[in-house]
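Below is one structure, written out as structure tokens; comments come after it.
The values are calculated or read from the model by the stated rules, or taken from the named source; none is laboratory data. Note that the structure is predicted; figures quoted are calculated from it, not measured. Every residue, glycine as well, gets a Cβ built from its backbone with ideal geometry; the counts of neighbours run over all protein chains shown.
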Amino acid sequence: MDEDEQQPTAPAQRTQAVSRDQLTSTDGVERTQAVSRPEATPTDGVERTQAVSRSPIDDRTAPTPGPNSPVGEGNSAVSKSAVAKSTAAKSGMSQSASTRARTGRSRSGRSRSTGIRRRLGGGLVEVPRVEPIDPATAVMSDPTVPQHKRFCWKCNAKVGRSEPGEPDISVGVCPHCGTTFDFTPLLEPGDRVVGQYDVQGCIAHGGLGWIYLAIDRNVSDRWVVLKGLLHFGDEEAHAVAVAERQFLAEVAHPGVVKIYNFVEQPRGDGTSVGFIVMEYVGGRSLRDILTACGDDARMPVEQALAYVLEVLPALGYLHSIGLVYNDLKPENIMVSEDQIKLIDLGAVAGIEDYGYLYGTVGYQAPEIVKTGPTVASDIYTVGRTLAVLTLDMPSKNGKYLDGLPSVAESDVLQQFPSLHRLLLRATNADPTRRFRSADEFAGQATGVLREILAIRTGVERPGLSAVFSPPRTTFGTEQSVGRTDTYVDGKVRHERMTAAEVVAALPVPLVDPNDPSAPLLAAAVHVEAQQTLDSLQHAKRNGIERVSAGTTGATGSAPAGASLEITLAEVKAHLDLGHVVEATDILSKVQSEDHAADPWRVQWYAGLIALLHHEYDSAFTSFDNVLGAMPGELAPKLALGATSELLGHVALGNDEDAEKWRARAEGLYRAVWRTNRGIVSSAFGLARQLQRRGDQTGAIAALDQVPISSRHYSMARMTSVLTLLMDRSRAELSEADFRSAARRVALLPKAESRALQMRTLVLAMALDWIVSGHASTAEREPILSVPFTEDGLRRGTEKGLRALARSATDRAHRFSLVDLANAIRPRSLF
């Protein structure tokens, strides 16, 4: 095997310029590449930003706002003035914060943590601290580019490599495109660049050439990094490259490496070479940390999510000022002693820019040659980075292939289905189906992280959703205990949960703050559904735009009449009023329109309506689509659990289907309950599924986890009593079961209205057990203050029945209870 074929699985990455077709090259080296995105022509048929004059910088064209761009109307893509304004207005950074960004220090608790470990991911995850590194130790002793990493920066052809009978060369001309290449360092230790930067040596080689460590003699002898610019040998193109990178000096965010300066160093041949002067960020890259995990090991999922969550705010900042990072990968994320930073801005471009667009095969979004850099293309790189950190990604010749491992091939995806959904959405081939922003991605990644930590530790990790309300009430909590109400009024009740009960209890989507009618809805939505409906109809009659303007105090730029949220608010109000037909008609009109920007909200209400129509398969599909879009949310998991349970009811008689839906409901309820012990409907649902598969112990354990602070605590205790005793034969019951049930009843608060009937039920069932031929092994130990004997249980049961009779409102039922008490009382001669 020759040298070209001996490629590492995760090689060092370098920037290369390639044509559009060359993105699919299989040369075996994974590296940053550039694809030339040509200007739009009249025959393109797509309205896009036109080619920009790359010099001067201020002539750059603003990107056209679109569904994937958070940049508002009039925001400049990458102009220096836009960056400066955004730095002040959008980043919200004070002068002191800006100073911290420049010095690489932060006053956050996260960055100031002490000890050998630190907490990331909103304080949820503890990771090892990176020890401070002496910058001088990073200098390479023999700076040489291996042959298998030698490519022409412009056309991506292999250059400078040895051939049969010919040695390798470090300097020459590409035989394919005629571009000069030079793999030798341009700077040597001891060189002084522009009279200010003392070069210490090379520390790495990337797609833009050698990267040098230097000392800034003009500013406190601080350590800096010099990175070369592309277009070596093309003086005009080089000048443009220097000019267009100048705007990066205005980028100021603590999660982005600070650009100090742009300089040009004269060369002996009369030309000059440009360098970006950046802050030195000591530490380890995520690639280094991943490599340390071992050849076959991946980074723990919770740690990988925590690192990604630290990076997303920096990407969101860049997006807010009209920039796209373009080349996110583990190599470009540096973990230092107290910070996590993006360390390479060489591929940063304006939204929808043209020209050479840099990225790395295996990470770069497939559509970028058509759309240019977008928020969606950056989101794709985040998803791919997370996948590389956590999964055994498919690769060929050292390059990661498109797609993800199948669930069957990945233990991680089997264990964490929410992670799979997160990755599927982030890396969707359709950019409109990805997360709309870095903030949205971060919100869902945090939810997935909470769920995974709950699985790992067994400790709940509740969090407040930014897109769903809390559950409006509970469902399935009273059916079991409700059966005992027959002792009070004589009416027979069924235990099964209903679809209407589920719909009334499930959370609802919060109003999208980006919707043009969000201010109007904040004023129009009332506690009473009819009032909400009246307010919305009033707004329609009087012109939504005018009413909305009156609410906000100004005329909005977007037409409120086009608001999806107005329509969904109407649907919700009709559902709350029980107007299912009206809600169905309104939603049907919405579904016939194009709401691709945010379809999951429509899908949620479609699922609710399908439940009310008893179309459970359709409801399951809708809620599953919501979970695919919002994988970190508990609301769709709760809805899917309830829908699976209802499907299980329908499938009774078909053992295979019934068990399939029961198992699915169990898994979904468990995922919700494990993560948030405040959603008690999931505890009761989990207990029902466990009981149906014969796991009474597990069902009781789930009910016992309902916290004492919950208003459903007593209901959970009473349900656990029935789980112990009901639907089991006498032979399956033991004295321990009755004593355990009695202890639970005895602990019910005095104000519990069902305490008497529960006490009577336990004593009556214990009596039936004794009468059937069983005997207590500890008769002297009372149960609910009566002896565990036939006589004691008869007296206790009789007393309970007579007390129930006294409180019965129905005369006939009162007589029935008295007759039953007379039949049970101990026999006597008097």
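Every condition in (1) more than 19 Å from GLN479 (Cβ to Cβ); (2) surrounded by 18 or more Cβ atoms within 10 Å (Cβ to Cβ) holds for PRO707 except the one numbered (2).
Let's see how each residue does on (1) surrounded by fewer than 22 Cβ atoms within 10 Å (Cβ to Cβ); (2) without any contact (Cβ under 8 Å) to a residue 12 or more places away in the chain:
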{"position": "MET718", "(1), (2)": "no, no"}
{"position": "ASP727", "(1), (2)": "yes, no"}
{"position": "ALA731", "(1), (2)": "yes, yes"}
{"position": "ALA741", "(1), (2)": "no, no"}
{"position": "ALA746", "(1), (2)": "yes, no"}
{"position": "PRO749", "(1), (2)": "yes, no"}
{"position": "SER753", "(1), (2)": "yes, yes"}
{"position": "MET758", "(1), (2)": "no, no"}
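Residues that are hydroxyl-bearing (Ser, Thr, Tyr) and within 32 Å of the chain's Cα centre (by Cα) number at least 1 in the following helices (runs of 4 or more DSSP H) confined to the range 670-738: 680-692, 713-725.
Give me the residue from the range 203-221 that is among the hydrophobic types (A, V, I, L, M, F, W, C) and under 16 Å from GLY274 (Cα atoms) and, out of that set, surrounded by the most Cβ atoms within 10 Å (Cβ to Cβ). Steps first, please.
Going through the range 203-221, the residues among the hydrophobic types (A, V, I, L, M, F, W, C) turn out to be 203-204, 208, 210-211, 213-215, 219.
Of the ones still in play, those that are also under 16 Å from GLY274 (Cα atoms) are 208, 210-211, 213-214.
Numbers: LEU208: 24, TRP210: 22, ILE211: 24, LEU213: 23, ALA214: 26.
Going through the qualifying residues, I end up with ALA214.
State whether one or more residues within the range 371-386 are over 16 Å from the mean Cα position of the chain (by Cα), modelled with pLDDT under 95, assigned to a helix (DSSP H, G or I) and surrounded by 15 or more Cβ atoms within 10 Å (Cβ to Cβ). Scanning the range 371-386, I find at least one residue that is over 16 Å from the mean Cα position of the chain (by Cα), modelled with pLDDT under 95, assigned to a helix (DSSP H, G or I) and surrounded by 15 or more Cβ atoms within 10 Å (Cβ to Cβ), so the answer is yes.
Among the residues that make up the range 446-464, is at least one of them over 30 Å from LEU801 (Cα atoms), in contact (Cβ under 8 Å) with a residue 24 or more places away in the chain and out of contact with any helix residue (DSSP H, G or I) (no Cβ under 9 Å at 6 or more places or on another chain)? Checked against the condition, which is being over 30 Å from LEU801 (Cα atoms), in contact (Cβ under 8 Å) with a residue 24 or more places away in the chain and out of contact with any helix residue (DSSP H, G or I) (no Cβ under 9 Å at 6 or more places or on another chain), the range 446-464 yields no hits at all.
Could you list, in sequence order, the residues of the range 491-535 that are in contact (Cβ under 8 Å) with a residue 24 or more places away in the chain and in a loop (DSSP other than H, G, I, E, B)? Passing the criteria: ARG496, MET497, LEU506, PRO507, VAL508, LEU510, VAL511, ASP512, ASP515, PRO516, SER517, VAL525. Selection of the range 391-449 for residues being among the polar types (S, T, N, Q), closer than 17 Å to ASN625 by Cβ and either at pLDDT 95 or above or not in a helix (DSSP H, G or I) (or both) yields SER418, ASN428, GLN444. Each residue in the range 628-654 was checked for being touching an Asp or Glu at 6+ places or on another chain (Cβ under 7 Å) and surrounded by 22 or more Cβ atoms within 10 Å (Cβ to Cβ), and 1 of them qualify.
Summed over the range 186-198, residues that are touching a Gly at 6+ places or on another chain (Cβ under 9 Å) and crowded, with 21+ Cβ neighbours inside 10 Å total 1.
Kindly indicate whether ILE259 is modelled with pLDDT of 90 or more, touching a His at 6+ places or on another chain (Cβ under 8 Å) and within 29 Å of PRO135 (Cα to Cα).
Answer is no for this residue.
Only one of the listed residues (VAL412, VAL467, VAL448) is among the hydrophobic types (A, V, I, L, M, F, W, C) and farther than 27 Å from THR374 by Cβ. That residue is VAL412.
Only strands (runs of 3 or more DSSP E) whose full extent lies in the range 108-205 are considered here, and the ones with at least 3 residues that are under 30 Å from LEU312 (Cβ atoms) and in the same structural domain as VAL335 (by TED's automatic domain parsing) are 117-120, 125-128.
Within the range 466-476, work out how many residues are part of a loop (DSSP other than H, G, I, E, B) and buried (at least 18 other Cβ atoms within 10 Å of the Cβ).
Counting residues in the range 466-476 that are part of a loop (DSSP other than H, G, I, E, B) and buried (at least 18 other Cβ atoms within 10 Å of the Cβ) gives 5.
Tallying residues that are small (Gly, Ala, Ser) and either closer than 22 Å to LEU449 by Cα or part of a helix (DSSP H, G or I) (or both) within the range 281-299 yields 3. Within the range 688-702, the set of residues being closer than 21 Å to ARG461 by Cβ and buried (at least 24 other Cβ atoms within 10 Å of the Cβ) comprises just one member, ALA702.
Assessment of the range 375-392 against the conditions (touching a His at 6+ places or on another chain (Cβ under 9 Å) and not charged (D, E, K, R)) yields at least one matching residue.
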